[in-house]
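For reference, the structure is listed below as structure tokens.
Each reported figure results from applying straightforward, stated rules to the coordinates on display, with no laboratory input. Values in this document were obtained by computation on a predicted structure and should not be read as measured data. Cβ placement follows ideal geometry from the backbone for every residue including glycine, while neighbour counts extend to all protein chains displayed.
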């Protein structure tokens with residue numbers, strides 16, 4: 001007689017064992033809603049074992065047909081057209097705010113008051129004062145909070161942080177960073193990002209906030225800035241599709257020199273008018289014992305110059321493919337040399353936040369908290385003030 005082989009039924013949540021579930025309510029279904037939802041869906045079976053299993057309870061947006069389609073596409077159990085109603089849903093423990101900048105503060109403050117943990121897209125707010133209200137709210141409520149500076153969760157950038165923490169670069173002398181895109185050069189583009197009441201700032205908050213955070217994450221706190229800002233196209237179609245024209249009252253580009261508290265100096269540059277550049281985010285750090293350089297468009301690579309560490313005391317930079325099993329986050333992914341992509345940073349980021357929630361860990365220092373988001377907003381304010389007043393501005397939190 002042949003032996004019968006039994007079929008064993010696994011548990012729910014992709015076999016996540018005893019991992020708790022965290023109910024998620026998402027505000028926004030466009031670019032960031034899509035990116036975050038992909039991270040939530042992928043996390044339970046890749047970030048193994050998961051600290052928690054995200055349960056996609058509801059997604060929210062004003063356009064009912066669009067948000068209903070997003071709920072179906074991304075796998076949410078239901079949808080809302082009013083975030084206030086969504087925050088009343090007791091199934092939701094984590095509020096994810098992927099909406100435009102003008103709907104960051106009020107919903108996040110309300111979520112904190114409702115006792116929900118919060119993940120909010122960057123920039124945290126349109127101004128430092130608005131960000132401070134959000135920071136005060138999460139502190140008062142005692143909830144976990146993360147501002148979604150996802151580039152902290154690129155393996156190569158985390159590896160850069162680890163090299164600096166080990167003191168391998170020694171004293172840091174220079175940080176220079178630039179974030180260049182091209183889509184703003186098209187005068188027919190109409191978006192909320194071109195208007196201060198909706199966005200706060202232009203290329204500064206959209207792109208520059210990322211490199212400001214990278215500078216703080218890797219080098220330290222800025223002490224003083226001196227900046228220039230420019231707007232190249234002064235009027236665009238109103239994004240409300242009314243057919244009217246609206247003045248553009250935010251920056252299309254900025255340049256800033258920055259002095260850090262530890263004595264390092266640096267430069268920051270961001271523009272949406274760099275024709276030919278799709279998403280060029282680069283930085284270089286020079287220290288007394290070596291240098292590191294990174295380009296987001298080659299996000300699995302880190303260029304490293306460590307003459308006292310490199311084989312045979314090699315000169316110049318060595319290109320390191322950050323895909324080894326001992327490199328950050330790679331225990332979840334593929335054999336060495338099999339690269340990951342931009343979308344995987346959200347898996348790392350969300351896993352970090354869920355671990356902080358269920359195990360009562362600090363989100364800082366590797367995740368960006370609302371404190372980091374607030375400080376970033378203060379620096380953005382100082383850059384705009386410097387550009388407006390044509391003078392250097394000290395950073396005060």
Checklist outcome for this item: With a ≥ b ≥ c from the Cα gyration tensor eigenvalues, square-rooted, and the rule rounded for a/c under 1.5, otherwise prolate when a/b > b/c and oblate otherwise, the chain is oblate
Checklist outcome for this item: Between residue 278 and residue 30, the two model label points (7 Å from Cα along the beta-carbon direction) sit apart by a distance in nm of 2.1
Item to check | Relative exposure of 109, 22, 214, judged by other C-beta atoms within 10 Å (fewest first) | outcome: 109, 22, 214
Checklist outcome for this item: Full extension between residue 261 and residue 129 adds, at 0.36 nm per residue less the Cα distance, a length in nm of 45.3 nm
Checklist entry - When the chain is treated as a GNM, springs tying every alpha-carbon pair under 10 Å, which of 351, 129, 387 comes out with the largest mean-square fluctuation? => result 129
Checklist outcome for this item: Checking 243, 115, 61 against a Gaussian network model of the chain (alpha-carbon springs below 10 Å), the top fluctuating residue turns out to be 243
Item to check | Mean residue ellipticity (222 nm) of the chain, computed from DSSP H runs ≥ 4 via -39,500 (n - 2.57), nearest 500 | outcome: -9000 deg cm²/dmol
Checklist entry - For residue 223 and residue 295 in one chain, what is 0.36 nm times their gap in residues minus the Cα-Cα distance, to one decimal in nm? => result 23.4 nm
Checklist outcome for this item: In a Gaussian network model of the chain with springs linking alpha carbons closer than 10 Å, the residue among 308, 33, 208 that fluctuates most is 308
Item to check | FRET E, pair residue 244, residue 73, Förster distance 22 Å, beta-carbon r, rounded to 0.05 | outcome: 0.10
Item to check | For 46, 32, 26, order by how many other beta-carbon atoms lie within 10 Å, fewest first | outcome: 46, 32, 26
Item to check | DSSP-defined beta bridges in the chain - what % are antiparallel, rounded to 5 | outcome: 60
Checklist entry - Once both labels are modelled 7 Å past Cα along the beta-carbon direction, what's the residue 326-residue 103 spacing in nm? => result 4.7
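For an R0 of 41 angstrom, estimate the FRET efficiency from the Cβ-Cβ distance between residue 90 and residue 397 and round to the nearest 0.05. If you can, show how the numbers build up before the last one.
Details: r = 36 Å, r/R0 = 0.87.
Using R0 = 41 Å, I get an efficiency of 0.70.
Taking 0.36 nm per residue of separation and subtracting the Cα-Cα distance, what length does fully extending residue 362 through residue 171 add?
The span from residue 362 to residue 171 would gain 66.0 nm if fully extended.
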Checklist outcome for this item: For the chain, averaging the sequence separation of alpha carbon pairs under 8 Å that lie six or more residues apart and dividing by its residue count, the contact order in percent is 19
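Please arrange 291, 188, 30 by how many other C-beta atoms lie within 10 Å of their C-beta, fewest to most. Please report the intermediate quantities before stating the final value.
On the way: 291 18, 188 6, 30 13.
With the fewest neighbours first, 291, 188, 30 line up as 188, 30, 291.
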